[in-house]
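A.B. asks: I have a structure I would like to understand better, so I am pasting it below and will then ask my questions one at a time.
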Amino acid sequence: MNTVLEDGAQPQPERMRPAREASAARRERLGGRSAPAGTHLRRRWAIAVPLLASAVLAGSATAQSTGAWTTVQSMGTGRYAPGIVRMADNNILVAGGYHNAPYETAGAQIFNPLPRTWAATGSLQRARNFPVGVLVDENRDGKDETAIFFGGYSSYYGTLNTAERYTPATKSFAYLTYTLNRKTYSSVMTSPRELFTATKLPSGKLLLTAGLRTGYGTLRSAEIYDPVTRRFTATGSLVDTLLDSDAANDDPLDRYGRFGHDAMLLPDGKNVLVAGGKAWVPGQPWPSLATAQIYNIATGKFTKVPYRMNYARDRVTMAQVGGRILLVGGTDDQPSYRKDPLETEWFDPSTMVDTNGVITFTGSPFSVGPSLQQGRMAHTLTPLPDGGFLVTGGWSMERSETVNNLAMTEKGTTAITERYLPTSNSFVTVGSTKYDALDPGAAQLWKSDATGSTFLGVLVIGGKQCPEGDAYYLYPPRAEIYTP
């Protein structure tokens, strides 16, 4: 059961626990993306080599008809599943992530897109991986200027309920606090969360949805973060379909919550789509989900979508294309098979009727979309100025590529990148990154001056490299830039 702290309550200390307690469970819930037990003596590790601040690796920029990749200065520190935020000054702030399994790093770095160099900055108060980093507007002036890193996982303390605020002037992180009646209180989430979503609402508030609490299971709860008051409040939970009044198209898995899903504000600005992910079911494997729900902002309630997606999709990503939402990638993990579908699928909001917050559908909102060139999960999806997006990295159950001059046809991380072209409604490959990895970080690069803003490309960093399935893994400290 999730505990909601009342106004002024102090958070309970994060529970310390040995890393080994959760290692096997985390490998399973993340899809088995770690080396098997007993292989630690033969793993190959990435070596972090400190570089001068002015140093730039001589990377190859392989020309493509739709862009090119360039390797730039290494981070010096490998990071798997870090938080990443493009700040108001266009610098990229990267914090946390796994550095030397099974331990996380509290370290943070800043990437300047113009000289393409890294600089150190202050460290997180708590080392964590899978934090969710968001730039928020604390002054209601329409400017997103403050970076907050929410939740995540600690090998010592388990899933975290704390959030940290970054102050550029002092280059430092501090636990989130709020002031009430001239007293300062710790501001913590209503539940510890990792692998959850943070969706920005038109009001500037954030909707934090579901996620995992390691050792307890997946969550159905959701909460609202108000960046002006710096406080969290509970909102409606995901629908437990075994308890609702409408049994049509119920999926019993929905009662267990979800993590590894994605969420996106719909074009109407009134509702949020939550789709895919994975659930924890007692006594069963971690099944991926083919269900979706709608959060209505006005009522603060979720409604199930009474139609199933074409595939279950764990670690799916979403993009808005025109008036529709495209669901991309993810693993369809069933008892009898496991695959990464090439087919994407559309969610069409025009099939949805919102009557004063009561959501109904005139027909199925899901239809098959264009196919990826490479199936994948735990990848990145970064919007591009042309209305398309870039897809990089991830884990694939069925690869077809060459890694270290070896033909790879079995499961493992992928280096193939592809771009969605809205004019042709299709995906095209745009070369490969130097490193294959799952859960890398990615962010748009921009420069701004008196004449306006110019798009510079997409930065892709870190991740977890498993090129030969589960045989071994490493954390490359790489940084690569895609230039359209």
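A.B. asks: Filter the cross-link list Lys200/Lys301; Lys171/Lys205; Lys270/Lys447; Lys200/Lys270; Lys200/Lys447 down to pairs whose alpha-carbon distance in this structure exceeds 20 Å.
C.D. replies: Violating the 20 Å limit, Cα to Cα: Lys171/Lys205; Lys270/Lys447; Lys200/Lys447.
A.B. asks: For Lys411, go through the lysines and keep the ones whose alpha-carbon is under 30 Å away, minus same-chain ones fewer than eight residues off.
C.D. replies: Cα-Cα hits under 30 Å: Lys278, Lys339, Lys434, Lys464.
A.B. asks: Can I ask one more? Is the stretch 297-348 rounded, prolate or oblate when judged by the Cα gyration tensor, a ≥ b ≥ c being the square roots of its eigenvalues, rounded requiring a/c under 1.5 and prolate requiring a/b larger than b/c?
C.D. replies: It comes out oblate by the Cα gyration axes.
A.B. asks: Still on this structure: What FRET efficiency comes out for Arg308 versus Lys183 if R0 is 56 angstrom and r is the Cβ-Cβ distance? Round to the nearest 0.05.
C.D. replies: With R0 = 56 Å, the Cβ-Cβ based efficiency is 0.70.
A.B. asks: If each of Val281 and Ser203 carries a label point 7 Å out from its Cα toward its Cβ, how far apart are those two points in nm?
C.D. replies: With each label point 7 Å from Cα toward Cβ, the separation is 3.6 nm.
A.B. asks: Also, quick follow-up: Tell me, what ³J(HN,Hα) does each residue in the stretch 369-381 have, in order and in whole Hz, if you take phi through Karplus 6.51 cos²θ - 1.76 cosθ + 1.60 with θ = phi - 60° and put x for Gly and Pro?
C.D. replies: The phi angles translate into x, x, 8, 5, 7, 9, x, 6, 9, 6, 9, 10, 9 Hz.
A.B. asks: Report, by chain and number, residues whose modeled amide H sits under 5 Å from the one on Trp280, excluding near sequence neighbours (fewer than 5 apart, same chain).
C.D. replies: Close amide H contacts, sequence-distant or interchain: Thr218.
A.B. asks: Next up: How much length would be gained if the chain were fully extended between Ser371 and Ser453, taking 0.36 nm per residue of separation minus their Cα-Cα distance, in nm to one decimal?
C.D. replies: 26.3 nm is the gain from fully extending Ser371 to Ser453.
A.B. asks: At 0.36 nm per residue, and after removing the present C-alpha to C-alpha distance, how many nm does the segment from Ala174 to Ser424 gain when stretched out fully?
C.D. replies: 85.4 nm
A.B. asks: Considering every Cα-Cα pair within the stretch 107-223, what fraction, in whole percent, is farther apart than 21 Å?
C.D. replies: Above the 21 Å cut-off, the stretch 107-223 has 44 percent of its Cα pairs.
A.B. asks: Run the simple label-point estimate for Asn112 and Lys143 please: 7 Å along Cα→C-beta, distance reported in nm.
C.D. replies: With each label placed 7 Å out from Cα toward Cβ, I get 2.1 nm.
A.B. asks: Can you tell me the length gained on complete extension of the stretch Ala234 to Ala298, counting 0.36 nm per residue apart and subtracting the Cα distance?
C.D. replies: Computed gain between Ala234 and Ala298 is 21.6 nm.
Where a number appears in this text, it was derived from the coordinates with a stated rule and is not lab data. Remember, predicted model here, so these are calculated numbers, not experimental data. Glycine gets a Cβ as well: all are built from the backbone with ideal geometry, and neighbour counts include every protein chain shown.
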